[in-house]
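Heads up, the thing below is written out as structure tokens.
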Amino acid sequence: MVQRVAVVGAGVSGLAAIKCCLEEGLEPTCFERSEDIGGLWRYADRAEEGRASIYRTVFTNSCKEMMCYPDFPFPDDHPNYMHNTRLQHYLCKYAEHFDLLQHIRFKTLVTKVKKSPDFSVKGQWEVVTQRDGKEETEVFDAVMVCSGHHVYPNLPLDDFPGIHKFKGCYFHSREYKEPEKFRGKKVVVIGLGNSGSDIAVELSTVASQVYLSSRSGSWVMSRVWDNGYPWDMLVITRFRTWLGNILPRALSDWLYVRGMNRFFKHENFGLMPLDRTSRKEPVFNDDLPSRIACGVVVMKPNVKEFRGTSVLFQDGTVQDDVDVVIFATGYSYSYPFMEDHSIIKSRDNQVTLYKGITPPQLEKPTMAVIGLVQSLGAIIPTADLQCRWAIKVFQGQYTLPPVSEMMDDIDEKMGKKLNWYGSSTTLQTDYITYMDELASAIGVKPNMLKLLLTDPQLALEVIFGPCTPYQFRLMGPGKWSGARKAILTQWDRTLR
């Protein structure tokens, strides 16, 4: 019987894991290498080894109603999109409210997680930690890996001939903190993701010129949508997901491209994605189109070669006297503490997890990887539901299918990913489809028919309104008594 659970990391996923364990009567021990909670959202003035790093002006891309813990709404007076310091404050309040801090061991680094000698019988894990130079080994009945995937920078220098002879300075975006020291400089930012576009826009206020280089383009969306409402409250609805799933692919693609081009025509701005119908996560930036229109950010294709102080782009244009190159080329996910790396990356060195959570090949399903998915939905409610699902698996209240069936499910999802997102390595998934899949398995998915018969007002809001996190605490195990009220008042808090 699972009782003691080790949680690696005290970011948004780690906090959800501790709370869900306590809810089910388990004993969590969380190991956090830094001296505070928050993970990615805890800002520091310089990038720290082994920790996610953000720049000073990071704001959320999901609005407060869509990104909260499902039984802990943000205060009414908080803005819809938040600065990282405000989100960090919310996480501290959440930890305080549910009394989570006493279960966290700070300044404790997990150096090794390995199967105990009798793993095939008991499913236990040996967790080796380091604190103040002292090493300690403890045995746990289960492990929840919540260490995030924005820690290890992906810096593909081999793809950029001449970079080592480049006379200016170059670095990964995780080292970037604020714009002032780039005043008057000519900067090339490589990578059109959220970080790349944020940094380019911010630098354009102080640099002499910013060039934003993109290999494949991207859809760019504003946080503010129709009538000034948050984009995700209008886009992430059950009705739209249902419609997207039943429409013929050609019509669905046409509507998607039309919707993405509704505010400005991407090809006129040099932003058009190469694969226009790919549902790859769009970039959220309210200012990029206007900075391009003002000429302070210039869009460029991929870099072909670096030459001393100049940069040659794929279209043959050359930019001279470049001072700084910032690689906003994302992250690779790594679990250096896993003694057996094939547990999480069991095939072609790719992450292979059933439902994006459980390694399918384990003799006993006592490990869960939390937060290693990406979707248009926010990570906090996703991690919360993943934790609830994982704990039901640990306790044997939800039985996993045979390994062959799990692998088939993974392959089927991989096929869909190739179809929708154009890449098998992506962590992307459709938010509502994924959440409903987990929720159905553990009996917490809202029952639409029952709601229509017993509470039609709520049913209509659940079906046609935003799919807010509260929906997954409406019924079943772990339901929250405030969920109904939270759903019916969500627009009031948004307007407030």
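At a glance:
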{"quantity": "Length-normalised contact order for the range 201-341 - Cα pairs under 8 Å, 6+ apart - percent", "calculated": "32 percent"}
{"quantity": "Taking all pairs of distinct alpha-carbon atoms in the range 49-202, Kirkwood radius in angstrom", "calculated": "19.9 Å"}
{"quantity": "Paramagnetic reach from LYS134 in the range 88-124 [backbone N under 15 Å; point 7 Å along Cα→Cβ]", "calculated": "105-109"}
{"quantity": "Spin-label proximity, HIS341 to the range 95-111 - amide N less than 20 Å from point 7 Å beyond Cα toward beta carbon", "calculated": "110-111"}
{"quantity": "Per residue accessible area of the range 251-374, 1.4 Å probe, in Å²", "calculated": "45 Å²"}
{"quantity": "Along principal axes, Cα extents of the range 148-306, largest first, whole Å", "calculated": "54, 34, 33"}
{"quantity": "Surface share of carbon and sulfur [accessible, 1.4 angstrom probe, percent] for the range 435-496", "calculated": "59 percent"}
{"quantity": "Heavy atoms of CYS294 accessible to a 1.4 Å probe, total area in Å² rounded to 10", "calculated": "90 Å²"}
{"quantity": "Added length on full extension, which subtracts the Cα-Cα distance from 0.36 nm per residue, CYS294 to ARG496", "calculated": "69.4 nm"}
{"quantity": "Under Karplus coefficients 6.51, -1.76 and 1.60, residue-wise ³J(HN,Hα) of the range 113-119 in Hz, glycine/proline x", "calculated": "10, 9, 5, 6, x, 9, 4"}
{"quantity": "Beta bridges per DSSP with both ends in the chain, % antiparallel, nearest 5", "calculated": "45 percent"}
{"quantity": "Label-to-label distance, nm, for residues given as HIS164 and THR317 (7 Å Cα→Cβ offset)", "calculated": "3.0 nm"}
{"quantity": "Under 5 Å, built H, 5+ apart or other chain: amide partners of SER213", "calculated": "VAL189, ILE190, GLY191, LYS300"}
{"quantity": "Unmatched cysteines, the chain - criterion: no other Cβ of a Cys under 4.7 angstrom", "calculated": "CYS21, CYS30, CYS63, CYS68, CYS92, CYS146, CYS169, CYS294, CYS467"}
{"quantity": "Probe 1.4 Å, accessible area per residue of the range 1-63, Å²", "calculated": "35 Å²"}
{"quantity": "Contour excess over end-to-end distance, with Cα ends at GLU412 and ARG46 and 0.36 nm allotted per residue", "calculated": "127.6 nm"}
{"quantity": "Table column - 3J(HN,Hα) (Hz), the range 216-230, Karplus curve with 6.51, -1.76, 1.60, x for Gly and Pro", "calculated": "9, x, 6, 6, 10, 10, 8, 5, 9, 10, 3, 6, x, 7, x"}
{"quantity": "Filter on LYS64/LYS364; LYS280/LYS485; LYS413/LYS445; LYS177/LYS392 - keep pairs with C-alpha separation over 32 Å", "calculated": "LYS64/LYS364; LYS280/LYS485; LYS177/LYS392"}
{"quantity": "Of all accessible heavy-atom area on the range 1-103, the percent that carbon and sulfur account for (1.4 Å)", "calculated": "49 percent"}
{"quantity": "Accessible area of the range 100-200 divided out per residue, in Å², using a probe of 1.4 angstrom", "calculated": "49 Å²"}
{"quantity": "Distance histogram for the chain (every C-alpha pair counted, 20 angstrom bins, percent rounded to whole numbers)", "calculated": "22, 56, 22, 0"}
{"quantity": "Across LYS19/LYS107; LYS19/LYS134; LYS355/LYS450; LYS19/LYS355; LYS165/LYS416, pairs whose alpha-carbon gap is larger than 31 Å", "calculated": "LYS165/LYS416"}
{"quantity": "Span-rule helices in the chain, defined as complete DSSP H runs reaching 18 Å or more along the axis (Cα) with Kyte mean at least 1.0", "calculated": "none"}
{"quantity": "Theoretical ellipticity at 222 nm over the chain - DSSP helices of four or more residues, -39500 (n - 2.57) apiece, nearest 500", "calculated": "-8500 deg cm²/dmol"}
{"quantity": "The range 127-181, accessible surface, carbon-and-sulfur percent (1.4 angstrom probe)", "calculated": "47 percent"}
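The values are calculated or read from the model by the stated rules, or taken from the named source; none is laboratory data. These figures come from a predicted structure and were not determined experimentally. In this analysis, Cβ positions are derived from the backbone assuming ideal geometry, glycine residues included, and neighbour counts consider all displayed protein chains. Protein only, heavy atoms only, side chains kept; ligands, DNA and RNA dropped before computing areas. Shrake-Rupley method; radii C 1.70, N 1.55, O 1.52, S 1.80 Å.
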